[in-house]
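Trainee: Have a look at the structure that comes next, please.
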Amino acid sequence: MSILKNIAEKEVLELKNQVTYQDGQVASKTLIQNDGVGLTLFAFAKDEGISTHESKGDAIVNALEGVGRITIDGVDYILHAGESIVMPANHPHAVYGIENFKMLLIVTFPEKEASQPTVTTEAAQRNDMVDGSLVDGMTEESHDALKAMVDDSTVMIKDGRF
């Protein structure tokens, strides 16, 4: 199963031809979007843009066609086909098509920091559980309940729900 979507596999192609201009609009085609990375093609019709915003991920803009203006922290940068610029995470930025402008946007997001679950049951506070094993003073029923709680917390942490 491919992580990429909306694009042909095992075929030589030009990225700039994978997204088309729409009069008076910004068109986009998402190729990858997950917790770690976003890969999107954009086609900005002349005089169209995306207003100032911020992202939690570092981004690289690769100009594929035309001329665009990238504004980062209030400073304008003019990008021509074949040029690239990095937009750092958490910095305000905007994109504008000075003329018809196509670009590939690659965004990398930071890994979610997973903290270790805090087990607050009476059994855990008494250190009755060691390496998932049943120890003296803990009933099998208490052990199973505590293990289930820890397992559920671990899944929630991995899924970013904790």
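The numbers here are math on the coordinates, done by the rules we state, and not lab data. As the structure is a prediction and not an experimental result, all values here were calculated from the model. Ideal geometry is used to build each Cβ from the backbone, glycine not excepted, and the neighbour counts take in all protein chains shown.
Trainee: Which listed residue (M103, I7, I78) has the Cα farthest towards the positive end of the charge dipole for the stretch 1-123, taking +1 on Lys and Arg C-beta and -1 on Asp and Glu C-beta about the Cα centre?
Mentor: I7
Trainee: State to the nearest 20 debye the size of the charge dipole of the stretch 15-108 about its Cα centre, where the only charges are +1 on K and R beta carbons and -1 on D and E beta carbons.
Mentor: Values: 6 positive and 11 negative charges, 46 e Å.
Computed charge dipole of the stretch 15-108: roughly 220 debye.
Trainee: Multiply the residue separation of A81 and D58 by 0.36 nm, subtract the distance between their alpha-carbon atoms, and state the gained length in nm to one decimal. Don't jump to the answer; show the numbers that get you there.
Mentor: Working: separation 23, 0.36 × 23 = 8.28 nm, distance 2.08 nm.
Roughly 6.2 nm would be gained on extension.
Trainee: Can you check what the net charge comes to around I85, using other residues whose Cβ is under 13 Å from the Cβ of I85 (Lys, Arg +1; Asp, Glu -1)?
Mentor: -3
Trainee: Can you pull out the trypsin sites (Lys or Arg not before Pro) in the stretch 1-54 whose DSSP state is coil and whose Cβ has at most 12 other Cβ atoms within 10 Å? List each step's numbers first, then the result.
Mentor: Numbers: sites: K5, K10, K16, K29, K46; in loops: K5, K10, K46.
Answer in residue order: K5, K10.
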